[in-house]
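The values are calculated or read from the model by the stated rules, or taken from the named source; none is laboratory data. Computed from a predicted structure; not experimentally measured. A quick note on method: Cβ atoms are made from the backbone with ideal geometry, for glycine too, and the neighbour counts reach across all protein chains shown.
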Amino acid sequence: MPRAATSNKESDLNVVEELQRRCDKYRKIGSEVMIKKISGIAHGRTIELHQDSGVADGQEVEVLITVVPAGEKLGSGFLRTEGALADDDQWDAIMDEIHQARRNDPRAIMPELE
């Protein structure tokens, strides 16, 4: 039977509860607990992390995987529109006008607060 879809908030709460349960289990046996969220790319049975895990080579770890939904990543909208005005003859003139207006702004620069 398929699982009912859960909202991101419910899913996050379930993950937090699971992590707390696991931490409590290891604390009971006197182990130190380190929880670190690192993103990466799955390649079969291997996960390539985007940064160093900080775990000693050969150390046994327990992994909790959250699949990142396919879709737009943060900033992808900017990348998609990059160069959109490159062929606009008037764009450089407009940006130069804005730049000059900002340089010639008669308002005094605010002194730094102490």
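Would you mention how many residues in the range 46-62 are farther than 16 Å from E32 by Cα and assigned to a loop (DSSP other than H, G, I, E, B)? Before you say what the answer is, go through the steps one by one.
Here is the first cut: in the range 46-62, the ones farther than 16 Å from E32 by Cα are 46-52, 57-58.
Those still in the list that are assigned to a loop (DSSP other than H, G, I, E, B) too: 50-52, 57-58.
Residues that pass the stated criteria total 5.
Could you list, ordered by first residue, the pairs with Cβ atoms under 9 Å in which the first is in the range 53-72 and without any contact (Cβ under 8 Å) to a residue 60 or more places away in the chain and the second is among the basic types (K, R) and assigned to a loop (DSSP other than H, G, I, E, B), at least 6 apart or interchain?
S53/K36; G54/K36; V55/K36; T66/K37
Out of everything in the range 1-38 that is of a type in the set (S, T, Y) and exposed (fewer than 11 other Cβ atoms within 10 Å of the Cβ), what residue ends up being modelled with the lowest pLDDT? Before the answer, list the steps.
Here is the first cut: in the range 1-38, the ones of a type in the set (S, T, Y) are 6-7, 11, 26, 31.
Retained after the next criterion (residues that are exposed (fewer than 11 other Cβ atoms within 10 Å of the Cβ)): 7, 31.
Numbers: S7: 57, S31: 66.
Applying the filter and picking the extreme gives S7.
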